[in-house]
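Report on the following structure.
FYI, it's all coordinate maths here, none of it is from the lab. Note that the structure is predicted; figures quoted are calculated from it, not measured. Glycine also receives a Cβ, built like all others from the backbone with ideal geometry; neighbour counts cover every protein chain displayed.
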Amino acid sequence: MTQQSITLISFGYFGKHFLEKIAEAVQLEFKVPVNFRESRLDLSEFFDPGRRQYNGDKILHAVESSSTPDNLKTMGLFSVDLFIPILTYIFGQAFLNGKTGIASLYRLSNERYGIEADEKVLLERFTKEVIHELGHTFGLIHCMSPNCVMRSSTYVEDIDQKYRNFCHSCRKLIGPESMTPER
């Protein structure tokens, strides 16, 4: 049996180098092969005109339907403003103990906050968000350790303050046995 992989699906334009850097960090953190591909999704059906945002719950379900059995986990990457009905906005979300997550870089760029653009900061923030959401798919809940990537992030500054890695406790919970497919 071949080892399953994590698949990052780009729904929108992301440069190849940008995706390669995220895939590299995800592979390093989860110790499984990571591949990426592009896909298309008509986002108009997920748009809420009253909020001028996209419904993350509905997008998550759409990405889940595009997952294939050979994927250990699937992560949809977006660049639109996401929300869920109970929150003003989200950076991403995932099915806890599931196969699928989504993340958006829409609110992660410095320019959104009146600060000079910084591609390195954007990449770091998005990488943390992708790893965080994948952590949920492996069963991790939010962590209280201030530097753990699984710490909850309400604001972009919260993302900046944490590392892109799991703390010792979360690493122990996710362990190598979590990376193998269910039998």
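Database remark: amide H of Glu38 closer than 5 angstrom to the amide H of Ser10 (H placed geometrically; neighbours at sequence offset of 5 or more, or on other chains; Pro and chain starts carry no H). For the range 1-101, the calculated P(r) over all alpha carbon pairs, in 10 Å bins from 0 to the bin holding the longest distance, is 15, 46, 31, 8, 1 percent. Within the chain, Cys170 have no other Cys Cβ under 4.7 Å of their Cβ and so lack a disulfide-compatible partner by this rule.
Kirkwood analysis of the Cα pair distances in the range 75-183 returns a hydrodynamic radius of 14.3 Å. Rounded to the nearest Hz, the phi-derived 3J(HN,Hα) couplings of the range 130-145 under the Karplus curve 6.51 cos²θ - 1.76 cosθ + 1.60 (θ = phi - 60°) are 5, 5, 4, 5, 5, x, 4, 5, 8, x, 7, 9, 5, 10, 8, 5, where x marks glycine and proline. Just to confirm a number: summing +1 for Lys and Arg and -1 for Asp and Glu over residues other than Ile115 whose beta-carbon lies under 15 angstrom from that of Ile115, what do you get? That works out to -3.
Look at the alpha carbon pairs under 8 Å that are at least 6 residues apart: their mean separation over the length of the range 100-176 gives a relative contact order of 27 percent. Each stretch of four or more DSSP H residues adds -39500 (n - 2.57); spread over every residue of the chain, this sum gives -9500 deg cm²/dmol at 222 nm. For the peptides 127-137, 156-166, residues were scored by their other Cβ atoms within 10 Å and the scores averaged per peptide; the highest-first order is 127-137, 156-166.
Here the Kirkwood formula, the inverse mean of 1/r across different C-alpha pairs, assigns the range 102-158 a hydrodynamic radius of 12.0 Å.
In plain terms, the C-alpha convex hull of the range 53-103 casts an average shadow of 3.4 nm² when viewed from every direction. Its Cα gyration tensor gives the chain an equivalent ellipsoid. The semi-axes, each the square root of 5 times an eigenvalue, are 24, 20, 16 Å from largest down.
Give me D for the range 8-67 in µm² s⁻¹, whole number, from Stokes-Einstein with Rh from the Kirkwood sum over alpha-carbon pairs, 37 °C and 0.692 mPa s. Taking Rh from Cα pairs, D becomes 249 µm²/s.
Positive contributions from Lys and Arg (+1) and negative ones from Asp and Glu (-1), summed over other residues with Cβ under 13 Å from the Cβ of Asn147, come out at +3.
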